[in-house]
Structure formats: structure tokens, C-alpha cells
1. Any chance you could give the angle, 0 to 90 degrees and rounded to 10, that helix 5-17 forms with the longest Cα principal axis of the chain?
2. Could you list the square roots of 5 times each eigenvalue of the Cα gyration tensor of the chain, that is, the equivalent ellipsoid semi-axes, sorted largest first and rounded to whole Å?
3. Suppose we keep just the DSSP beta bridges with both residues in the chain; what percent of those would be antiparallel, to 5?
4. Dipole magnitude of the chain about its Cα centre, charges +1 at Lys/Arg Cβ and -1 at Asp/Glu Cβ only, in debye to the nearest 20?
5. Mind checking the angle between helix 91-100 and the chain's longest principal axis? C-alpha axes, 0 to 90 degrees, to the nearest 10.
6. Rounded to the nearest angstrom and ordered from largest down, what semi-axes does the equivalent ellipsoid of the stretch 76-139 get from its C-alpha gyration tensor (root of 5λ)?
7. What three numbers, in Å, describe the spread of the alpha carbons of the stretch 154-212 along their principal axes, ordered from the longest?
8. Give the distance, in whole Å, between the Cα centre of the stretch 184-233 and the Cα centre of the stretch 55-115.
Amino acid sequence: MPVSSAQVNISRMLGQQAERVMALGEWEERWQQDRIGFHQPTVHRMLEKNLDKVLNGRTGVRFFFPLCGKAIDMKWLADQGHSVVGVEISEKGIQQFFEENNMTFSEEPVPEIPGAKVFRNPEKNISLYQCDLFQFSSSIAGRFGGIWDRGSLVAINPKDREKYAALIVSLMDQDCRYLLDTFLYNPDQYRGPPFFVPDEQVRSLFGSSCNVELLQSVDALTDRQRDWGLDSFMENIHLITLKNSSATK
Ligand code: SAH
């Protein structure tokens with residue numbers, strides 16, 4: 001098959017960040033130093049805009065938030081009667097989530113994962129696991145009907161993307177609707193995170209087992225990205241469902 005110049009260009013751009021690694025300790029340090037510019041004080045506009053497509057008429061959906069941080073989106077969904085499971089390495093981030101939203105929480109070890117803890121608020125049905133995402137699996141909290149991936153695929157180390165996609169697919173229930181937020185920018189200008197994830201790669205990561213639909217592509221350039229050295233920054237939202245599943249009907 002002939003390789004187009006666009007494909008060559010995409011592989012070159014992916015190559016720019018391929019070796020970049022953020023150790024878990026660096027993330028924890030960011031939380032300790034309050035360097036959490038990724039956190040947003042309001043519900044994410046792309047989630048708000050596309051929630052109907054994720055719910056597809058369902059109520060009481062079990063949502064999964066990989067790399068959840070203290071995203072306010074978790075409370076927003078829980079307030080609408082959905083349940084939420086998140087995974088986050090920073091204990092400080094998890095505690096801040098409950099404290100800032102005036103929720104009490106319990107704290108327990110997770111028998112399957114040495115050193116991990118789960119923080120829960122049973123009234124709101126929110127459980128946040130403090131551990132490395134790659135230690136998490138469906139044997140711990142089952143599978144999910146909805147996934148909101150914001151700052152997650154784009155935040156894990158680029159070399160872990162295949163492993164990540166396999167894990168996420170293994171957490172999807174038959175009717176799961178997975179909303180994925182990615183960024184397009186010139187990786188010659190900024191080294192990430194968030195990392196550059198082209199649509200072609202989203203399709204190659206998930207396309208064999210899933211249908212991938214690009215729902216929206218918006219210009220998301222603000223002063224934050226200009227400060228990183230970028231002159232263009234696009235945000236793309238994808239809806240991913242398992243092939244042959246009831247979620248596509
Ligand atoms: N989704 C959140 C946070 C995005 S930033 C939001 O929208 O605000 C990425 C988060 O993932 C950080 O809070 C970081 O501490 C956490 N993180 C990074 N790598 C991780 C890993 N391998 N396992 C669990 N958490 C991780």
C-alpha cells in the first residue's frame with residue numbers, strides 16, 4: 001500500500017513525543033505543588049454538549065473516569081443519578097474532590113491491589129480508586145456503561161497507548177458509550193502533556209473492536225496553550241462503542 005505524505009507527517013509528529021515519559025511521582029509532585037492547570041472549575045463543555053449521545057436514553061448509568069483528578073464532572077453526573085468510579089494516583093486530588101464538593105468519604109484498602117485505597121461517598125455513589133490506572137481492571141469494579149476520557153488518553157505516556165486502549169475496551173459493557181477528548185497541535189512546539197493524539201491513531205487504537213465516530217472538532221486555543229508556545233490547538237470529541245453492540249442501535 002502506498003504511504004501518503006500525510007501519513008508520513010503524522011508518524012513524524014507522533015515520533016516527536018513517542019519517548020516522553022511522565023513518572024507517577026511527577027504527577028503526585030504536581031498535585032503537592034498545586035500545579036494543576038488542567039483542573040477546570042466548571043463542568044466540561046464537551047461533556048455537557050454530548051451527554052445525550054452518551055446516555056442514549058439510559059438512566060442510572062455506571063460511569064468510569066480514567067485519570068479522574070478532581071473533575072467536577074463526576075459530581076455533576078452523580079447529581080443526575082448516575083454512579084461514578086474514578087482512578088487517580090494522587091490521594092491529595094481525591095481528598096480535595098470530596099472536600100471541595102462538601103462530601104464525606106470513607107477510605108479502605110483495595111485487596112486486589114497492594115497499596116491502593118478506595119475513597120467512597122455512598123450517598124452519591126462515587127468511588128475513587130487511588131492507584132496506577134494500569135493496576136486497575138474489570139475484576140475490581142466491573143464494567144461500565146459510560147466513560148468520560150478527558151485528560152486521560154492524552155495524559156498517559158505515549159508508549160502506553162496500546163495497553164491503555166486494551167484496558168479501556170476491557171472495561172466497556174456491551175452497551176457502553178465512551179466519550180473521548182483529544183487534542184491536535186504541532187508537537188514540534190510543545191512536548192506535552194497533554195500529548196498530541198491524531199484521529200488516525202484513535203482509529204488504529206480502537207477501530208478493530210469499536211466503532212469510532214468524530215462528534216465535534218473545535219478550536220480550543222486559549223492563552224494557556226499560547227503560553228506553551230502553540231499557535232493552533234484543536235479539541236476533538238469521539239464517541240466510541242463496541243462493534244455489534246446494542247449501544248450503536
Ligand atoms: N481528568 C482530570 C485530570 C486530568 S490530568 C480532569 O479532567 O481534570 C491527569 C491526571 O491523571 C492527573 O491528576 C494525574 O495525577 C493522574 N495520573 C497520571 N497518570 C496516572 C496513572 N497512570 N494512574 C492514575 N492516575 C494517573
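1. In the chain, helix 5-17 runs at an angle near 50 degrees to the longest axis.
2. Equivalent ellipsoid semi-axes, largest first: 28, 22, 18 Å.
3. 60 percent
4. Approximately 560 debye in magnitude.
5. 70 degrees
6. Equivalent-ellipsoid dimensions as semi-axes: 20, 13, 10 Å.
7. Here the spans come out as 40, 18, 17 Å, largest first.
8. 25 Å
Rule-based calculations on the coordinates, nothing more; no lab input. A quick note: this is a predicted structure, and the numbers were derived from the prediction, not measured. Please note: Cβ atoms are built from the backbone with ideal geometry, for glycine as well, and neighbour counts cover all protein chains shown.
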